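The values are calculated or read from the model by the stated rules, or taken from the named source; none is laboratory data. No experiment lies behind these values; they were computed from the predicted model shown. Backbone-built Cβ (ideal geometry, glycine too); neighbour counts: all protein chains shown. Just so you know, the surface numbers come from the protein's heavy atoms only, side chains and all, with ligands and any DNA or RNA stripped out. Shrake-Rupley method; radii C 1.70, N 1.55, O 1.52, S 1.80 Å.
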Amino acid sequence: MTEKPIIAPPADRSAWLEARPACLEPPGATPRHPFRLVLLGPPGVGKGTQAARISAWLGACPLSTGDVFRHAKATETTCCSPAMTKALEKMSRGELVDDAIVLDLIRERTTCLRCGFGFCLDGFPRTVEQARRLDVLLAELNRPLHAAVDFTLPREKLLRRLSGRRTCPKCRRGYHLETSPPRREDHCDDCGEVLQIREDDRPEAVAVRLEAYAATADPLLAYYEASGRLIRIEAEKSPEAVFRRTVRTLRARFKEAPPEPWKQSET
Ligand code: AP5
């Protein structure tokens, strides 16, 4: 595969967060290898951290279903539907949101799945039903999934990553007290906001999240393994090292047939 420079992703993620029909693609950038990926793995393994890096590499947006729920909560106007209220209650307890709600949310955002820069879904799918429905949707869009990347890490390290996580409520940038602390204590380097602890990082919600993951992970991984799309990556070491390992593995796997950009006539 040809080397390509990292392209900064578009700053505007409103097409994903608010289900807008159009988005701002990076000006002047041309995608070369638009991978369509889903990132799997337990809470705290670093999916969001890697989604940001991989998306920057692709020139795409990081597409997190958890971010859609958190955005809905932060913007009162979009969280008043009974379905969303129920979803947010489940999320704050650490439970998985019902498949039907999550699938509706994905169907409202097909613009992002059609993106010429590829995509990197973080936190979706979580169940075999979600994975099957995603495959059906992508087949309809003529944009099949290239790979499901499963990040792995021992439980004690997951707990450490979750307990040290801090997030900027304004720009959503993530930090870790030990491994990537902000320059000024408790404040975002980019926008100066006071950093927050995620509601579902409370120990009781973390226990429920890890249980929910354990209950759904094996069949989901088996689903992707059976179709030859599963790639396992150890998530030990620094975020940069994990990113390099992921890109190396993708390049090796797709050496013979790298994803090609879509021609205008195919979109
Ligand atoms: P979601 O937001 O998807 O949360 P999650 O899957 O539990 O994952 P996290 O965001 O907690 O962790 P992460 O793996 O992204 O780790 P991060 O990069 O932040 O979902 C939240 C909730 O929404 C769910 O519980 C559910 O209720 C609902 N939901 C969402 N999608 C759903 C779906 N499809 N179906 C049903 N319900 C759904 O990293 C963690 C910390 O570690 C950070 O501080 C980071 O800085 C640090 N770190 C990361 N990588 C490294 C590294 N390599 N070395 C050292 N530190 C690192």
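In Å and from the alpha-carbon atoms only, list the Rg and Dmax of the range 180-267.
Reported Rg and Dmax, both Å: 19.3, 51.
May I have the pair-distance distribution P(r) for the range 38-153, computed from all Cα-Cα distances with 5 Å bins from 0 and rounded to whole percent?
2, 11, 21, 24, 21, 14, 6, 0
Carbon and sulfur atoms: what percent of the 1.4 Å accessible area of the chain do they account for? Write out the running numbers ahead of the final one.
Details: 7230 of 13540 Å².
Here carbon and sulfur together make up 53 percent of the probe-accessible area.
Determine ³J(HN,Hα), in whole Hz, for all residues of the range 161-176 in sequence, where each value follows from phi through the Karplus function 6.51 cos²θ - 1.76 cosθ + 1.60 and θ = phi - 60°; x replaces Gly and Pro.
5, 6, 6, x, 6, 9, 10, 7, x, 8, 9, 6, 4, x, 9, 9
Whole-Hz Karplus ³J(HN,Hα) for the range 128-141, in order, using 6.51 cos²θ - 1.76 cosθ + 1.60 and θ = phi - 60°, x for Gly and Pro?
Ordered by residue, 3J(HN,Hα) equals 4, 4, 4, 5, 4, 5, 5, 4, 5, 4, 5, 5, 4, 7 Hz.
Can you give me the distance in nm between label points at A74 and R20, each placed 7 Å from the Cα along the Cα-to-Cβ direction?
My value for the distance between the label points is 1.5 nm.
Placing one identical point scatterer on every Cα of the range 156-201 and ignoring solvent, what is log10 I(q)/I(0) from the Debye formula at q = 0.13 Å⁻¹?
Those come out to -0.25, one per q.
Dividing the Cα radius of gyration by the Kirkwood radius, what Rg/Rh value follows for the chain? Let's see the in-between values first.
Details: Rg = 17.7 Å, Rh = 19.0 Å.
Radius of gyration relative to Kirkwood radius: 0.93.
Relative contact order for the chain using alpha-carbon pairs under 8 Å, separation at least 6, rounded to a whole percent?
Contact order relative to length: 26 percent.
Between D218 and R132, 0.36 nm times their residue separation minus their Cα-Cα distance comes to what?
Working: separation 86, 0.36 × 86 = 30.96 nm, distance 1.49 nm.
Additional length available on full extension: 29.5 nm.
Give the calculated FRET efficiency between S227 and S163 to the nearest 0.05, with a Förster radius of 30 Å applied to their Cβ-Cβ distance.
Plugging the Cβ-Cβ distance into 1/(1 + (r/R0)^6) gives 0.25.
Distance in nm between label sites at E260 and Q196, each 7 Å beyond Cα in the beta-carbon direction?
4.6
Please list, ordered by chain and number, the residues whose modelled amide H lies under 5 Å from the amide H of F151; skip anything fewer than 5 residues away on the same chain.
Here the answer is L40, G41, I233, since their amide H atoms fall under 5 Å of that of F151.
Could you point to the residue in A257, Y224, C61 farthest towards the positive end of the chain's charge dipole, with +1 and -1 charges on the Cβ of Lys/Arg and Asp/Glu respectively?
Working it through, the farthest residue towards the positive pole turns out to be A257.
Quote to one decimal, in nm, the extra length available between A241 and E185 on full extension: 0.36 nm per residue of separation minus the C-alpha distance between them.
On the way: separation 56, 0.36 × 56 = 20.16 nm, distance 2.54 nm.
That works out to 17.6 nm of additional length.
How about the range 71-161: which GluC sites (Glu not before Pro) there lie in a loop by DSSP and see at most 12 other Cβ atoms within 10 Å?
Details: sites: E76, E89, E95, E108, E129, E140, E156; in loops: E95, E108.
Here no GluC sites (Glu not before Pro) fit, given the DSSP loop and packing criteria.
Using only helices, what value at 222 nm comes out for the chain when you add -39,500 (n - 2.57) per DSSP H run of length 4 or more and divide by the total residues, to the nearest 500 deg cm²/dmol? Write down the numbers at each step before the final one.
Working: 10 runs with 112 residues, N = 267.
Rounded to the nearest 500, it is -13000 deg cm²/dmol.
Subtract the Cα-Cα distance of N142 and R93 from 0.36 nm times their separation in residues, and report this length gain in nm to one decimal. If you can, show how the numbers build up before the last one.
Numbers: separation 49, 0.36 × 49 = 17.64 nm, distance 3.68 nm.
Working it through step by step, the gained length comes to 14.0 nm.
So who's got an amide H within less than 5 Å of the one on S64, skipping anything under 5 residues away but keeping other chains? H placed 1.01 Å off N, in plane.
Those qualifying (amide H under 5 Å, at least 5 residues apart or on another chain) are D122.
Hey, what's the Kirkwood Rh for the range 137-238 if you take every pair of different alpha carbons, in angstrom? It would help to have the intermediate numbers written out before the result.
On the way: mean 1/r = 0.0617 Å⁻¹.
Here the Kirkwood hydrodynamic radius works out to 16.2 Å.
For the range 228-233, what does the Karplus curve 6.51 cos²θ - 1.76 cosθ + 1.60, with θ = phi - 60°, yield as ³J(HN,Hα) per residue in whole Hz, taken in order and with x for Gly and Pro?
3J(HN,Hα) across the range 228-233, in whole Hz: x, 9, 7, 10, 9, 10.
Given H placed 1.01 Å from N in the peptide plane, which residues other than close sequence neighbours of R173 have an amide H under 5 Å from its amide H?
Amide H neighbours of R173: C168.
For the range 156-201, with every protein chain kept in place, what is the accessible area per residue (1.4 Å probe, Å²)? Mind showing how you got there, number by number?
Details: 3010 Å² over 46 residues.
I get 65 Å² per residue for the range 156-201.
In percent, how large is the relative contact order of the range 156-201, given Cα pairs closer than 8 Å and 6 or more residues apart?
Working: 55 pairs, mean separation 17.7, N = 46.
Relative CO of the range 156-201 lands at 38 percent.
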